[in-house]
Amino acid sequence: MSTLLNISQLTWQVPNKAILQDINFNVRKGEVIGIIGPNGAGKTSLLRCITNQNNILANTNVTGSVQLKNRAITKYSAKEVAQHFALVMQKNDTIFALSVQDVMKMGLLPHKTLFSLDCDHDKAQINLALKKVGLEQALKSHFNQLSGGEQQRVLIARALVQASQVLILDEPTNHLDVFYQHQVLQLVNKLNITVIMTVHDLNLASLYCQRLLLLNQGQLISDGSPEEVLTPKQLSQVFGLPCQQSIDAMTGAIQVSFYLKNTDKQQNQYSELVDE
Amino acid sequence: MNKVATTLLALTVLVILSAMAAITFGPADIDSSELITCLVSSCQNPIANVIIWQVRIPRILVALVAGMGLAIAGAILQNTTRNPLADPYLFGIVSGAGLGATIANISLADNLTIALPLAAFLGALFSVIIVVFIAKVLQRMEQLLLAGVAVSFMLASITQFILYFGEPFATNRVIFWLMGSLARVEMSNFYVISSVLIVAIITVIALHRQIDALLLGDESAASLGVDVDKLRLLMLGICAALTATIVAYCGGIGFVGLMIPHIVRQLIGVTTLKLIIGSALIGAIFLIWVDVIARSSLPHAEIPIGIITSALGSIFFLFIMYRSRAIS
């Protein structure tokens, strides 16, 4: 697999704090990467730097380089960046009654010139993308009236219309119930494009990501497969809680659980579980 | 799409019919056969000729483009700030124009035909610059409107201070101008407003996808390759130019920009292209008929048009608040 993205020596320093510290990694085409770590570890900041949001790399506090296809991302225009990266955000604030179709049409923007109108090809593309996320009947529905999971799926479909090579998701499972969490992540996995996402739930990350990046206090602590990254030693160091690792009987994926130090009873229960 | 196209077509027909119907209204008695002769060939009666071609038609045409312009300005502001209550009036643009007009009126005794609109335009531009500057310092989109309201009050108080100590005749002139009227408009005003309007419409149509992208939040728009700050500044500038030009000739006509886009959203859609075209058409129809009311409801006097739009606008405002309460 060819290298798509190269992040090297990326550092973001603000007074008295390093938001990101000497981050180095490559992203190969087709990988599904999960960025994990505690709150304030720099996960979202890393995403912002990768996509050069608001031209953040031009900021004097940010050093290092992000290269997309062996060319510095700062050399790409905002439109070109949008042609490569599609972003699905945590929060969408609109008060107007946008239809799903209106939201989907936004995805066409990076490929349109001034004055351009929609053509039949655009409509076909929009329908195809909605079909892929299982929402083809929702074209005329109001975006605000959809459930959280459906909204996420519409935004993923919008990213497909955007025809980008990398899908960036910031906490895609936030505010979703268990069913939608699995549905959204399963969908993301099936799309066969490169995905970089921040994930809070380590067990979901383990189940759906081929590769995990563990961040803590702006540093990249570990980079590798779920088996390599989700070790009890590393996790208990980062999250400050004792941690147990197990193999899920159904999926064969690594699962981790944490417990508070002072409850011996819980600790015994967890040990028993692992022993079994 | 078909339904939208049909609605827009019907509205276009309605604009033309409204403009034609409005020619028949006015204090002078001109019967319909005379009117048709005047429009189609040439007038037998020279007085009717003057009334129709130099009074009524310029006035209707200015009402048409002013209604379009004010409604479009409101629509652009609402979509670019994601705030359904945004309106050129609330951004301090009208108070700025009022201050400019006041200063021109008090300091210059004559030559007001050019100086008054120019001063109003500069005043409006001045207020927008202050509002943008404040919003830029605060770095908060939600506060753009609050900054506008604050600036609006500040400029209005300066205006009132000047008027209080000003010469009574000049003061009178300004107060009547602030109430808004199409009584003194001429064909040249129509040309000036139309040219600004055309530039504004072309720019908005060119950038309609960018403006649409803002509807789901700044971050979303930025991820689609939109330079959010630059776009918003450009749109604010266009609204200021549009409103200032109209206010300069017609005085204070409030609430058109607030009301019309709301109606269009219900009727046609929320995305920029539909909203702009719909607002232009409904805005034109609205102002043509409000002007008809202004000049023909009282037997020997005119009601300033701004009084009527403000009265309707404030009721509309309360209606929106009531409805949003019912929804939430």
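Before moving on, here are some points about what is shown:
- Listed residue (B:Leu146, B:Ser127, B:Leu90) projecting farthest to the positive dipole end of the stretch B:76-187, Cβ model: B:Leu146
- With Cα atoms as the point set, the stretch B:188-287 shows a radius of gyration and Dmax of 14.3, 44 Å.
- Bridgeable lysines around A:Lys233 (alpha carbons under 28 Å apart, same-chain partners fewer than 8 residues away excluded): A:Lys17, A:Lys43, A:Lys261, A:Lys265.
- In straight-distance terms, cross-link reach from A:Lys190 covers every one of the aspartates and glutamates whose alpha-carbon lies under 13 Å from its own, apart from those fewer than eight places away in the same chain; here that gives A:Glu31.
- Every Cα-Cα pair of the stretch A:22-120 was included, and the share exceeding 17 Å stands at 64 percent.
- Size of the stretch A:3-230 from its Cα atoms: along the principal axes, largest to smallest, the extents are 49, 41, 33 Å.
- Cα gyration tensor, the stretch B:199-258 - rounded (a/c under 1.5), prolate or oblate: prolate
- Aspartates and glutamates whose Cα lies under 20 Å from that of B:Lys3, excluding same-chain neighbours fewer than 8 positions away: A:Asp102, A:Asp118, A:Asp120, A:Asp122
- Taking other Cβ atoms within 10 Å as a rough exposure proxy, A:His111, B:His300 sort from fewest to most as B:His300, A:His111.
- The stretch B:237-262-the stretch A:99-140 distance, computed between alpha-carbon centres (Å): 34
- The stretch A:221-238 and the stretch B:55-72 have Cα centres lying 69 Å from one another.
- If the Kirkwood radius is taken over C-alpha pairs of chain B, then at 25 °C and 0.890 mPa s the Stokes-Einstein diffusion coefficient equals 120 µm²/s.
- Exercise: per-residue mean of other protein chain Cβ atoms within 10 Å, A:78-88: 3
- Using just its DSSP H runs of length 4 or more, each adding -39500 (n - 2.57), chain A gives a mean residue ellipticity at 222 nm of -9500 deg cm²/dmol after division by all residues.
- Per residue, the convex hull spanned by the Cα atoms of the protein assembly as shown amounts to 196 cubic angstrom.
Only the coordinates and a few stated rules stand behind these numbers; no lab work does. If you're wondering where the values come from, they're calculated on a predicted model, not measured in any experiment. Note that we place each Cβ from the backbone using ideal geometry, even for glycine, and neighbour counts take in every protein chain shown.
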